[in-house]
Amino acid sequence: MNNIIIVEPQCWGFEHVTFNAAFLDTCLWAYPKARITFLGEKEHLNGVQKLVDRYDSQQSKIVKWKIINIPKRKAIGWSRFLQEWREVESILHYAKKHQAKLIFFASITNTGILALKLRLYRQPFSFSLITVMHGMLNRIVGRWPHKPWNWALNLRVVLRLPHPMSLRYLVLGDSVYDSLAQAQPIM
């Protein structure tokens, strides 16, 4: 039986609860024999679980729910990167310990992608990682950070870094993909 981990690394409370509940439900249907663990902030997990329960209480009972520490909501720049680096280390350690075959990041930030890429360069893993990119994509066409020392954290820079084989991106729709491909043709 395969172990799958779904991580919500940035949402607090009911942020993205409806998306994450639908995403979890989709994974439960797509991988009916898998053991699925959902990692996230406590109140967020409660919200996702309640929403999944509303539609099928049996489904949420087969999910293992695990509370994790996530970066503070307003954390930015290098402070956020350091928090996400620690979070990525913890998540990948958990995945390895529980012999995960697949990890889904239900959302991701530019600093989260950087932390993942750097960690995967240092030590590749046998499992696949899929990151769902949604709201952050508008940063590709936005302005550069005011402080030059934050330019290395810009999504345009992070996406152009060499790409680990086990990391994949999931965008939600052809129009989003087309816009991303136009802004970042080397992806």
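Since every read-out is calculated from the coordinates, none of them should be taken as a lab result. From a predicted model like this one, the values you see are computed outputs, not experimental measurements. With ideal geometry, Cβ positions are generated from the backbone for all residues, glycine too; neighbour counts draw on all protein chains shown.
How would the stretch 54-124 be classified by its alpha-carbon gyration tensor: rounded, prolate or oblate, with rounded meaning a/c under 1.5 and the a/b versus b/c comparison settling the rest? Verdict is oblate for the stretch 54-124. Residue order for Val132, Val88, fewest other beta carbons within 10 angstrom first, comes to Val132, Val88. Each residue in Thr26, Thr131 was given a count of other beta-carbon atoms within 10 angstrom of its own, and listing them fewest first yields Thr26, Thr131.
Oblate is the label for the stretch 1-129. Its Cα gyration tensor axes, ordered a ≥ b ≥ c, give a/c of at least 1.5 and b/c at or above a/b. For a quick check of your reading of the filter: which trypsin sites (Lys or Arg not before Pro) in the stretch 1-80 sit in a DSSP loop and have no more than 10 other Cβ atoms within 10 Å? In loop regions of the stretch 1-80 (DSSP not H, G, I, E or B), the sparsely surrounded trypsin sites (Lys or Arg not before Pro) are Lys33, Lys74. Within the straight-line cut-off of under 22 Å between alpha carbons, the lysines reachable from Lys64 are Lys33, Lys42, Lys50, Lys96, Lys97, Lys101, sequence neighbours fewer than 8 places apart in one chain being disregarded.
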